[in-house]
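The values are calculated or read from the model by the stated rules, or taken from the named source; none is laboratory data. All values derive from a computational prediction rather than experimental measurement. Cβ atoms come from the backbone with ideal geometry, glycine included; neighbour counts cover every protein chain shown. Surface accessibility is based on the protein's heavy atoms, side chains included, excluding ligands, DNA and RNA. Shrake-Rupley method; radii C 1.70, N 1.55, O 1.52, S 1.80 Å.
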Amino acid sequence: MNRRSMIATGAALVILLGGVAGAYYYVDHKKDNEEAAVKEEKDALNLFSFDSNTVKGIDITNSEGHFNLTLDKSGNWNIEETDYQYSFTPYSYYLNVIAASMSRLKADHKADFKEGDMSRYGLDSPVTIVCHTDDKDYTLLVGNSSATEEFCYVMIPGDDTVYCINNDTGKELQCDISKLRDPYIFKCDDNDIIQFSLVHNGETSYDLQRNFDGDAIWTMNAPETDVSIDAITVNTVLTNLVRVQAGKFEGFTKDENELAKYGLDKPAYTFTAVTDEKTYILEFPEFSEDAEEVWCYDADSCAVCSISINNAAFLSGKWYDLTAKQAMREQFMSVSSLEIDVEGEKHKLSMDHEAQKYIFDDTEVTALGNDDAAANFEYLFASVSEMEHADYRDDVPEKMGKPTCTFSYTLTDGTKRELALVPIDDESYWTYIDGKCVGMTVNRSALESKNGCKNYIEILKNEIGN
């Protein structure tokens with residue numbers, strides 16, 4: 001190759017390499033610009049980013065009115081100011097959800113917005129949410145869900161863009177009263193309730209009161225008074241009660257015509273629960289056995305909601321469901337003697353608790369040096385004081401028949417008490433406690449079973465040689 005050809009080839013290579021470099025620079029620069037544009041577009045979809053724990057106040061304006069809410073030191077949200085005509089307890093958990101959702105709010109994309117067509121997005125009368133922090137206020141306008149319910153439309157004041165956010169998040173931020181209102185029927189703990197009652201069509205099903213005299217003791221005010229209450233059962237009822245949440249929430253009303261739609265204009269049930277701070281009065285209509293829910297009216301807040309039938313067991317309860325399982329229970333250390341007459345066989349248990357002396361009829365059991373005999377003395381006492389009752393019946397006889405079994409207590413303070421059993425048939429007895437029968441029955445098996453008093457009488461007689 002001659003010198004001229006070599007120069008020409010070199011020049012061509014220089015030009016070619018320069019073109020490649022230029023093309024590479026152009027492509028690389030274009031890619032950077034595109035990536036920057038994509039990042040900018042993505043960043044534009046990050047609507048808010050702040051620490052939700054710094055939110056100390058929230059303002060909500062929806063179709064129902066304006067609500068100014070503040071967070072107290074206990075972590076509960078309270079309504080400070082509102083133009084809403086009904087008062088209610090806000091749901092603190094839900095308010096925390098709003099703060100958390102706002103603090104990390106991202107849009108999926110921007111809507112194809114046509115200026116002036118705000119009604120298409122429900123943004124002509126949006127829900128307005130303002131989260132207040134010490135540094136800044138964050139405001140969001142929330143519109144409708146899309147036709148496919150895939151997205152919800154939102155805007156930020158001062159920005160003409162309509163954003164599409166996840167529809168589930170959007171529904172949370174639409175702030176219906178049903179979401180703002182605490183769903184729990186009772187805003188208290190079970191230990192706060194000091195009295196509760198149920199009246200069905202004018203008749204008291206039960207009325208109980210907690211009395212504080214050292215330990216908290218439940219007593220019945222009506223329809224019976226001289227019955228022993230099973231504290232465990234009562235506590236279980238109250239524990240379940242304070243967990244009851246509203247199912248459907250229909251709103252607030254005082255209108256009799258509106259209440260009539262739910263059978264609440266003339267309620268059949270009135271349930272009352274009293275705490276030191278508040279009295280709850282709930283009204284319910286009649287409901288069928290196969291109902292899945294029952295309507296409820298809160299007479300204080302004027303709220304209409306439903307509760308599931310599984311949570312409404314307290315409406316079907318009777319006073320005797322809350323009584324102790326024992327026919328008549330007396331504490332061993334509170335009794336000085338127990339006289340037993342079972343179908344003509346009579347025995348007497350005497351106890352000197354200070355001297356730790358047990359006497360069965362004329363035999364001092366504790367002097368025998370027989371631990372089994374002493375234990376069976378106590379078991380015999382328990383077989384009477386722990387004797388379980390059976391059902392309650394309504395066909396209580398007007399006059400007391402002749403008892404075939406009596407158990408007569410003398411308490412350490414001198415009080416006399418008696419449990420008498422009057423035969424109903426060969427298998428059951430009416431129980432008369434201090435001469436009164438409220439329908440409680442005892443099965444014969446309670447006397448004759450392995451843990452019955454007849455069995456322990458025979459065991460103790462054999463051990464002391466009678």
List pairs: first in the stretch 67-79 and on the phi > 0 side of the Ramachandran plot, second open to solvent by 30 Å² or more (accessible area, probe 1.4 Å) and not hydrophobic (A, V, I, L, M, F, W, C), Cβ under 9 Å, 6+ apart or cross-chain?
G75/N96
Residue list for the stretch 126-135, filter: over 18 Å from E149 (Cβ atoms) and at pLDDT 95 or above:
T128, I129, V130, C131, H132, T133
Taking E289 and the conditions (1) modelled with pLDDT of 95 or more; (2) more than 30 Å from A327 (Cα to Cα), which numbered condition does it fall short on, given that it satisfies the others?
(1)
Just wondering, is there one or more residues in the stretch 348-359 that are touching a residue at least 60 places away in the same chain (Cβ under 8 Å) and crowded, with 17+ Cβ neighbours inside 10 Å?
no
Return the residues of the stretch 90-124 that are open to solvent by 40 Å² or more (accessible area, probe 1.4 Å), of a type in the set (S, T, Y) and at pLDDT below 95; say none if nothing qualifies.
S119
When restricted to A312, A299, the only residue within 26 Å of A222 (Cα to Cα), surrounded by 14 or more Cβ atoms within 10 Å (Cβ to Cβ) and over 16 Å from the mean Cα position of the chain (by Cα) is A299
Out of L315, L338, L282, L322, I need the residue that is farther than 30 Å from T431 by Cβ, of a type outside the set (S, T, Y) and touching a residue at least 40 places away in the same chain (Cβ under 8 Å). Which one?
L282
Since V237 meets every condition but one in (1) open to solvent by less than 70 Å² (accessible area, probe 1.4 Å); (2) over 30 Å from K436 (Cα atoms); (3) under 18 Å from the mean Cα position of the chain (by Cα); (4) of a type outside the set (K, R), which condition does it not meet?
(2)
Please specify each residue of the stretch 315-331 satisfying the condition of being open to solvent by 40 Å² or more (accessible area, probe 1.4 Å) and either in contact with a Cys (Cβ under 9 Å, 6 or more places away or on another chain) or not hydroxyl-bearing (S, T, Y) (or both).
K318, D321, K325, R329, Q331
Does G401 satisfy the criteria of being in contact (Cβ under 8 Å) with a residue 24 or more places away in the chain, out of contact with any Ser or Thr (no Cβ under 7 Å at 6 or more places or on another chain), surrounded by fewer than 19 Cβ atoms within 10 Å (Cβ to Cβ) and small (G, A, S)?
yes
State all residues of the stretch 200-242 that are touching a residue at least 60 places away in the same chain (Cβ under 8 Å) and under 30 Å from I177 (Cα atoms); if no residue qualifies, say none.
V237, N240, L241
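For (1) surrounded by fewer than 13 Cβ atoms within 10 Å (Cβ to Cβ); (2) under 18 Å from the mean Cα position of the chain (by Cα), each residue gets a yes or a no:
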residue	(1), (2)
V244	no, yes
G251	no, no
E258	no, no
Y269	no, no
S288	yes, no
